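Notes follow the structure.
What follows draws every value from the coordinates through simple rules; no lab data is involved. Keep in mind that this is a model prediction, so the values were computed, not measured. As a convention, Cβ positions derive from the backbone with ideal geometry for all residues, glycine included, and neighbour counts pool all protein chains shown.
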């Protein structure tokens, strides 16, 4: 009897592994990457070595034909933690006792996965209508210029505007000779998304947009946010490729009417490819025009491709700021895509 059960179980496993569905969604693909680095870091004023999982992820994406020119599209992407297997998040709960004194408790949750970009939409000759939780058009517009994305030199550590938005509803135009535009709105759903102390109930209480041109060697974009993460923001972005060299820039202005924050800044990047190696560097500065506080970020590094899907990398990042924001990181890592 036990032998019969083993044979039946083995037959089921073999049959499932031979099924084409086991390779991924029948109308899409599975994808992902694991990126790990060993970093000497002093961000917490305590210099130490640490192993980092740099936005390692896996996901499913694809499209299903509805008619000859109409498709349903989808993406479901999750972050995994290749260093210690989980992400720690914390929430603080405060209550008043009978005497009116407040006491607070910090609850910590350990997550093995967290949500990244998840969306569903319709694509046709008219463009794409889509919705979900996703990187904003403003964030996506900068992806070609930020050369140290997901590492300590990521532009998000210095500049506002790098947001993944919940409850996003968007339209992306068709590509017209390299020109494309995306506009996304965020309904308030009764919450205070702009931080002004009142509930937001409209269909477009927050908005993010981008207009871009992509040519053979040139990329230009104008992008901005309105009432997103309590910011009104405008970006001008460019990238130009000259043979083995690529040069990028960003100019940014952002304001927060609630806190009085009024920042302006610029960001520059450059890369140069020598066979399988890519040398890269970037520098950014942001200044609060109301207080004069400044913050600078500098990163240099190199990538070495072992194959189309595998690379080694090294980097050094140094940040300096007016509000005791000085820190630096030195790291060596590896990335494999699948």
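A compact table of results
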read-out: Net length gained if the chain between residue 114 and residue 306 were fully extended (0.36 nm per residue, minus Cα distance); value: 66.2 nm
read-out: Gained length - residue 133 relative to residue 326, 0.36 nm times residue gap less alpha-carbon distance; value: 66.2 nm
read-out: For q = 0.14, 0.21 Å⁻¹, Debye-computed log10 I/I(0) when each Cα of the range 184-338 counts as one equal scatterer; value: -0.94, -1.24
read-out: Residues 335, 160, 189, sorted so that the one with the fewest Cβ neighbours within 10 Å comes first; value: 189, 335, 160
read-out: In nm, spacing of pseudo-spin labels at residue 251 and residue 69 (7 Å Cα→C-beta vector); value: 4.0 nm
read-out: Added length on full extension, which subtracts the Cα-Cα distance from 0.36 nm per residue, residue 176 to residue 270; value: 31.0 nm
read-out: Radius, Kirkwood style, for the range 157-259 when every pair of distinct Cα atoms is counted (Å); value: 15.1 Å
read-out: The range 198-256: Cα Rg divided by the 2.2 N^0.38 Å rule of thumb; value: 1.49
read-out: Relative exposure of 134, 336, 157, 48, judged by other C-beta atoms within 10 Å (fewest first); value: 48, 336, 157, 134
read-out: Overall Cα dimensions of the range 275-338 - principal axes, largest extent first, Å; value: 48, 21, 17
read-out: Modelled FRET efficiency - R0 30 Å, residue 46 with residue 279, Cβ distances, 0.05 increments; value: 0.45
read-out: Stokes-Einstein D in µm²/s, Kirkwood radius over Cα pairs - the range 27-337 at 20 °C with 1.002 mPa s viscosity; value: 99 µm²/s
read-out: Inter-site label distance for residue 293 and residue 166 at 7 Å from Cα along Cβ, in nm; value: 2.6 nm
read-out: Coarse-grained scattering of the range 203-294 at q = 0.14, 0.15, 0.16, 0.24 Å⁻¹, given as base-10 log I(q)/I(0) from a Debye sum over alpha-carbon atoms; value: -0.64, -0.71, -0.77, -1.16
read-out: Over the range 282-338, relative contact order from alpha-carbon pairs under 8 Å, at least 6 apart, %; value: 29 percent
read-out: Cβ-based exposure ranking for 49, 327, in which fewest neighbours within 10 Å come first; value: 49, 327
